Amino acid sequence: MTGLQTTNAPSHKIVIPHFVTGSLAFLISMILLFFTADEWMNLYFSPKLIAIVHVLVLGWGTMIAFGALYQLIPVVYETSLYSEKLAKVTFLVYSFSVVFLSYAFWMASFSQLLFYASLAMFLALMLFIANLSLTYRKRTKSNISSRFITTALFWLALTVIVGTLTALNFKYQFFNHSHLQYLKIHAHIGLIGWFVMLIIGASSILIPMFVISHQTNTKKLNLSYVLINMGLIGLSVNWFLDSNQIIELVMILSIVLGILNYLRYVYLVFKSRIRKVLDTAMKLTFISLLIMLFTLIIIGILTGFHWFKIPTMSIVLMYGSSIIIGFISTIILGQIYKTLPFIVWLKVYQPYVGKFKTPLPRELYSEEWMKIQMYVYLIGLAIFVNGIIFQQLIIIKIGISLLIITATINLINVIKITFHQQKLTSIN
């Protein structure tokens, strides 16, 4: 954990609110999902489902990512954040924009509210990207991990541009193709370009640090970087023009091979680790990578179904769920407990190190409750996915109910960590 401690680290007042707000958004999204579970039985283009997806992707996934990046960027670039004041403003504008945008989708106000909500979100994300881009210019270090993270910021910018233009198209109708075509581009550059690239960049630093591995061969990461970006660029351009199935297949294969190279790198880190016993947080992290492997299998099935023009509704829903509620949420649920406790510990106990006996960062939350959270989550996720596959509403609702319990435990633990009361004992 000492790798996260740096004199360039930002104030805890910037980082911690992102974890609390993100965890609250996760719980809200699961509750909304429960009451709209019947939407999973219909076509996947549903205003309410799109609203929930944006709460998950923006309010949960991206909100946590912002907080984690503020803490991690000084470690990656070896410099301080460009502006902490800008980070505070961004948090406020972004939080408002998530609510506004999600509400616009929920109300299906595509030609009215969505226009203004998209502009607000565009502003919020551009503020974040500008802050980190200016931080990048001050960097004293560059490696493959920093390239992944910096490139993820580029894809985030492109995601919000495409999303904003798609929203504006509902009002002014200047695109030639169906909005679903651009929504597909928007979703994939967001999920793969922003989230997958970011997770690879951050995890290639954090996983070796937490399991204590000295695996330094980054050839597979370099190859992964090239393959994923090449595939995503080709896929996006192909979809934007006129989709050619051969090109689409080649580009998808490039992305899949890129992710497999990353997973191979993580396997080598895992194999060479010094810390053999994994805590619950790291177990969830590695489980998330197994879910990513499962997602790659789904991509293969989905591509085959699309090639032979077989109906793919349930497969598409399972694909999206496995990425957002599966891969992304699992790794977040793990890494929250590797970063937030340490940030709070530094705030509360750093001045007293060596003077008093202090608790360890992992003692700031309940490990037993986290284990329960992990099992409930994995069972709930499995039931939920099966409900989608077999299109059984009762199974879907049971799965979501367990996910609500997961989100509740997570929020309680996050609040417990955030408001930890100082406990000092004399060394003597």
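Just so it is clear, none of the values below were taken in a lab; they were calculated from the coordinates. In this text the structure is predicted, and so the values were computed from the model without any measurement. With ideal geometry, Cβ positions are generated from the backbone for all residues, glycine too; neighbour counts draw on all protein chains shown.
Ranking LYS271, LYS184 by Cβ neighbours within 10 Å, fewest first, what do you get?
Ordered from fewest to most neighbouring Cβ atoms within 10 Å, LYS271, LYS184 come out as LYS271, LYS184.
At 7 Å along Cα-to-Cβ for each site, give me the label-to-label distance between SER83 and GLU367 in nm.
Modelled inter-label distance: 4.3 nm.
Please compute the modelled spin-label separation between ASP242 and ASN222, points set 7 Å along Cα→Cβ, answer in nm with one decimal.
Simple spin-label model gives 4.0 nm for this pair.
What does the helix-only formula give at 222 nm for the chain: each DSSP H stretch with n ≥ 4 adding -39500 (n - 2.57), the total divided by the residues, and the result rounded to the nearest 500 deg cm²/dmol?
-24500 deg cm²/dmol
First obtain the Kirkwood hydrodynamic radius of the stretch 223-345 from its Cα pairs, then insert it into the Stokes-Einstein equation at 20 °C and 1.002 mPa s, and state the resulting D in µm² per second as a whole number.
132 µm²/s
Which links in LYS138/LYS219; LYS338/LYS371; LYS13/LYS88; LYS338/LYS416; LYS283/LYS371; LYS347/LYS416 stretch past 20 Å when you go from one Cα to the other?
LYS138/LYS219, as the Cα separations exceed 20 Å there.
Consider a paramagnetic label point 7 Å from the Cα of LEU278 along Cα→Cβ; state which residues of the stretch 196-219 have an amide N under 19 Å from it.
Only 199-216 pass the distance filter.
Enter the Cα centre distance for the pair the stretch 359-383 and the stretch 267-309, rounded to the nearest angstrom.
The two parts, judged by their Cα centres, are 20 Å apart.
If neighbour count is taken as other Cβ atoms inside 10 Å, put LEU284, LEU241 in order from fewest to most.
Ranking LEU284, LEU241 by Cβ neighbours within 10 Å, fewest first, gives LEU241, LEU284.
Please work out the Cα convex hull volume for the stretch 301-360 and give it in Å³ per residue.
With only Cα atoms used, the stretch 301-360 gives 83 Å³ per residue.
Among (i) 4, 21, 33, 28, 10, 2, 1, 0; (ii) 4, 21, 31, 28, 14, 2, 0; (iii) 4, 20, 29, 24, 15, 6, 1, only one was calculated for this model; which label is it, if the read-out is P(r) over Cα pairs in 10 Å bins from 0, in percent?
Only one option fits the structure, namely (i).
Taking neighbour counts of Cβ atoms within 10 Å as a proxy for exposure, in what order, fewest first, do SER102, SER426, SER95 appear?
Starting with the residue having the fewest Cβ neighbours, the order is SER426, SER95, SER102.
If you put +1 on each Lys and Arg Cβ and -1 on each Asp and Glu Cβ, how big is the dipole of the chain around its Cα centre, in Debye rounded to 20?
1240 debye
Using a Gaussian network for the chain with springs between C-alpha atoms less than 10 Å apart, which of these wobbles most: GLY387, GLY354, GLY320?
GLY354
For the chain, what does the relative contact order come out to in percent, with C-alpha contacts under 8 Å and a separation of six or more?
17 percent
Once both axes come from the Cα atoms, what is the angle between helix 280-307 and the longest principal axis of the chain, in degrees from 0 to 90, rounded to 10?
Computed tilt is about 10 degrees.
Looking only at the stretch 198-240, which residues have a backbone nitrogen under 18 Å from a spot 7 Å from the Cα of VAL250 in the C-beta direction?
226-240
Quick check on the stretch 124-274: take the gyration tensor over C-alpha atoms, sort the square-rooted eigenvalues as a ≥ b ≥ c, and tell me if it's rounded (a/c under 1.5), prolate or oblate.
oblate
For the stretch 45-141, which semi-axes, largest first and in whole Å, follow from the square roots of 5 times the eigenvalues of its Cα gyration tensor?
After scaling each eigenvalue by five and taking roots: 30, 13, 9 Å.
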